[in-house]
1. What pairs can you find where one residue is in segment 112-126 and modelled with pLDDT under 90, the other is assigned to a loop (DSSP other than H, G, I, E, B), and their Cβ atoms are less than 6 Å apart, with a gap of 6+ or different chains?
2. Kindly establish whether GLU103 is modelled with pLDDT of 85 or more and not in a strand (DSSP E or B).
3. Could you go through segment 62-82 and let me know if any residue there is at pLDDT 90 or above, of a type in the set (Val, Ile, Thr), assigned to a helix (DSSP H, G or I) and out of contact with any Cys (no Cβ under 6 Å at 6 or more places or on another chain).
4. Which pairs have Cβ atoms under 6 Å, sit 6 or more apart or on different chains, and link a residue in segment 15-28 that is of a type in the set (Phe, Trp, Tyr) to one that is outside any loop (DSSP other than H, G, I, E, B)?
5. Give just the number: which of (1) more than 27 Å from ASP135 (Cα to Cα); (2) within 21 Å of the chain's Cα centre (by Cα); (3) not basic (Lys, Arg) does SER20 not satisfy?
6. ILE140 - would you say it is at pLDDT 90 or above and aliphatic (A, V, I, L, M)?
Amino acid sequence: MLNSRQEREARSRQDSEFTSWGIIDENGALTNAGTLLADDFPIHQSRIFCTRWNGLTMTSGLGEALDDAELEGSVIGQLQDAVAFMRNNSNKRWWKESDHREELPDYPERAVTEVICNAIIHRDYQELGSEIHIDIYDPIAENLGVSTRQVQKYLR
């Protein structure tokens, strides 16, 4: 027997629901919000570039990039993939307790998720070149979203 939540999920969505959520307009075309949630990426500047650099700079001369990813598609998938990239390219210390293993990552996943989510939400999707760049160096990670670049532009 299905509970009410499963019943709601099992039924197909009506166009009126998508319209009320702002995902499609009255003509059935995707809105900007709907486009960002779609699996393909018609808004080219909605990508995220992730790079794990070898050393302290982008040009250390040590075989510059150890890992990289260009994330595209829905913003929800991009968020999940960017958090996974950070997790896979960060150090994690651990120690044994009497009955379990305790782990301490370099960057708490909740904080990483919040930073990336903020960058996704606050970037200017109308501006070309507003892709998000996540750069991981040996001891540090940087999130260079468009808002950071705009702040730097005003500080000069």
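1. ARG123/SER130; ARG123/GLY145; ASP124/SER130; TYR125/ILE43
2. Against the criterion (modelled with pLDDT of 85 or more and not in a strand (DSSP E or B)), GLU103 does not qualify.
3. Among the residues of segment 62-82, not one is at pLDDT 90 or above, of a type in the set (Val, Ile, Thr), assigned to a helix (DSSP H, G or I) and out of contact with any Cys (no Cβ under 6 Å at 6 or more places or on another chain), which makes the answer no.
4. PHE18/ILE24
5. (2)
6. no
The values are calculated or read from the model by the stated rules, or taken from the named source; none is laboratory data. Just so we're clear, the structure is a prediction, and the values are computed from it rather than from any experiment. Note: ideal-geometry Cβ built from the backbone for every residue, glycine included; neighbour counts use all protein chains shown.
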